[in-house]
Amino acid sequence: MPIATLSLHSLGYCCQKSPPFSLKSSFLSKPTKTQFSFAFKTTEKRPFSHIVSMSMEAGIGVMGTKLGMMSFFETDGTVVPVTVVGFREGNIVTQVKTSATDGYDAVQVGYRRVRDKKLTKPELGHLGKAGVIPMRHLQEFRLQSVGEFETGQKLAVEEIFKEGDLVDVSGTTIGKGFQGGIKRHNFKRGQMSHGSKSHRALGSIGAGTTPGRVYKGKKMPGRMGGSKRKIRKLKIVKIDNELRVVMIKGAVPGKPGNLLRITPAKIVGKNIAKS
């Protein structure tokens, strides 16, 4: 029946055909499927899927400790500024993850031996199950295939890298604390003379009534440094097996003593497929 021709008589007839409905019972009793058929929707339970956010590596990498910087003299007399990276006891495979068991392929590596009391019981249990020594740092390297790795395998730097290779080095930058806009974002300062009242102040940070707020991401004073940073395509200048150090051209994140993650450099089309 069209809505335009709906009358009170027909409305009463429709109400007689419908099941009895009480306002009191609708709140105090559980609604039935007849009263609220729209509220009961049958949905199929979706299978759980693993979500992996880390990026694919070009190859297995290692962890090291930043020792400092120095000048390296090549055979032709060229002076090259290098960062010296040392390696403590570790770089041992603690777990091999596969698509069948974990949803993705990755190799977990441990680094830097510590005493047992420095770790929690779950950490000790995890490392004890793998049959390896207690280690401070655990990191994963997501790879295309992990068939050649096994638990307890020790990764040697001289076998993974050679002189002249390009590597990606990531670490935590030096923390600078709370800094102003000039140091943090390279803002220009105002005049220091001629009656200027604005020297190192931030200045205007937005409009007035419209939009009446500060836009997200506005460059303002705040904490500077202490964040993860990756420097890409650095050249390995020297590998010294006796001193167990690697000299990498250029600067890397962090201060001496910081943890570094060294992986083969990603080169699209060469060791990383074009997406």
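The values are calculated or read from the model by the stated rules, or taken from the named source; none is laboratory data. All values derive from a computational prediction rather than experimental measurement. Here the Cβ is made from the backbone with ideal geometry for all residues, glycine too, and neighbour counts use every protein chain on show. Just so you know, the surface numbers come from the protein's heavy atoms only, side chains and all, with ligands and any DNA or RNA stripped out. Shrake-Rupley method; radii C 1.70, N 1.55, O 1.52, S 1.80 Å.
Counting only strands (runs of 3 or more DSSP E) that sit completely within region 190-275, those holding 1 or more residues that are touching a residue at least 60 places away in the same chain (Cβ under 8 Å) correspond to 228-240, 245-249, 259-264. In the set (1) of a type in the set (A, V, I, L, M); (2) closer than 25 Å to residue 158 by Cα; (3) surrounded by fewer than 20 Cβ atoms within 10 Å (Cβ to Cβ), residue 100 fails one condition alone, (2).
Output yes when any residue across region 161-174 is more than 29 Å from residue 241 (Cβ to Cβ), out of contact with any helix residue (DSSP H, G or I) (no Cβ under 6 Å at 6 or more places or on another chain) and at pLDDT 95 or above, and no when none is. Yes, that holds for at least one residue. Against the test of being more than 27 Å from residue 140 (Cβ to Cβ), at pLDDT below 90 and not aliphatic (A, V, I, L, M), the options 181, 269, 222, 203 yield a single qualifying residue, 203. Sort through 133, 174 and tell me the only one that's more than 24 Å from the chain's Cα centre (by Cα) and touching a residue at least 40 places away in the same chain (Cβ under 8 Å). Answer to the selection: 133.
Checking each residue in region 229-263 for being closer than 24 Å to residue 144 by Cβ and either open to solvent by 30 Å² or more (accessible area, probe 1.4 Å) or touching a Lys or Arg at 6+ places or on another chain (Cβ under 8 Å) (or both) picks out 230, 231, 232, 233, 234, 236, 260, 261.
Quick grid of which residues meet (1) open to solvent by 40 Å² or more (accessible area, probe 1.4 Å); (2) touching a His at 6+ places or on another chain (Cβ under 8 Å); (3) under 30 Å from residue 99 (Cβ atoms); (4) not in a loop (DSSP other than H, G, I, E, B):
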{"position": "141", "(1), (2), (3), (4)": "no, no, yes, yes"}
{"position": "146", "(1), (2), (3), (4)": "no, no, yes, no"}
{"position": "151", "(1), (2), (3), (4)": "yes, no, yes, no"}
{"position": "159", "(1), (2), (3), (4)": "yes, no, yes, yes"}
{"position": "163", "(1), (2), (3), (4)": "yes, no, no, no"}
{"position": "169", "(1), (2), (3), (4)": "no, no, yes, yes"}
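The condition of being among the polar types (S, T, N, Q), surrounded by 10 or more Cβ atoms within 10 Å (Cβ to Cβ), modelled with pLDDT of 50 or more and not in a strand (DSSP E or B) holds for only one of 75, 32, that being 32.
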